[in-house]
Structures are given as structure tokens and as C-alpha cells.
């Protein structure tokens, strides 16, 4: 193998490694007016969520933070652009332009979750911020507010059930 290939492979590996490291902040690449920051307690509790399993269809609500007790709510114009569905061993992710899937493993006792390699359409990377958080997710919890997919110790994607 040529030295230039080794350097290129090393650079790509380091880039992928650094992208997958957990961080207290997500990469911010949002469209103006796409999100509105409000107190987390403005999201109503629904005790019916506590009876649900992970294996459902979920709609993205916003980026929440346990430390600040704030959530960046997705605006009405964007609220149906992101969805996640879990079957027994496959996670399905839909964005505005792409349909993606990957294997996943979730442990209901430890509430850990990991995702395999993502496959699917690749029309355009229309949601780098959302997808980066999906790549980083390592823990989940179903609360009275909905499904919380943690991508750092304090930050998570909040999702509500699609069908009620």
C-alpha cells in the first residue's frame, strides 16, 4: 500500500472516530427558525408513555437538556420531517429526503442502546445534526414526556409516539 493511501486511511479513521465521540454539545447546523428553546416542563406529561415499549413509531419533538431543563422544540414546519421506528432488531429512521435503517441492540435493564451500520437511501444529507445525535446515542429512557435517546450524559433527542 502506498504511503499516501495509509495517510488518507488514517485521516479518515481519525475523522470518523472524532465524529463519534460523545460531546456535551451537538453540532449546530440548523436552519433559522427551525427550533424554539422553551423550558422542558412545557412538554406535557402523559403517563400512557410509561406503558410503551421501545418498539413503536416515534416522532422527533426536539433536543432536550437535563442540566438546563430546556428543550429546543422543532418548529411546526419541521415537526413531521423526522421519525424513528423500532422493530425487534431494526431501527428505521426517516428524514425529509432519506429512509434509513440499521440493526440495533437495546438492553431494557441497563437502558443502553447501540446501533449498527446505517443503510438506505442517500438523496442528500438533509439532517446532519439529527443524524450525528443518532450515531452518538448510547442510552434510552421512556418517560412521561416520551422516548429520550441520549447522545451525551445530559442531552437527548425527545420523541413522542406517532400513533395515539
Looking at (1) crowded, with 20+ Cβ neighbours inside 10 Å; (2) within 12 Å of the chain's Cα centre (by Cα); (3) touching a residue at least 40 places away in the same chain (Cβ under 8 Å), which is the only condition residue 137 fails? (3)
Please list, ordered by residue number, the strands (runs of 3 or more DSSP E) wholly in the stretch 46-164 having 1 or more residues that are farther than 21 Å from residue 34 by Cβ and out of contact with any helix residue (DSSP H, G or I) (no Cβ under 6 Å at 6 or more places or on another chain). 57-65, 83-86, 90-94, 99-107, 112-115, 139-143, 146-150, 155-161
On the basis of being at pLDDT 95 or above and under 16 Å from residue 81 (Cβ atoms), does residue 109 make the cut? no
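The values are calculated or read from the model by the stated rules, or taken from the named source; none is laboratory data. None of these values were measured; they are calculated from a predicted model. Heads up, the Cβs are rebuilt from the backbone with ideal geometry, glycines too, and the neighbour counts pull from every protein chain shown.
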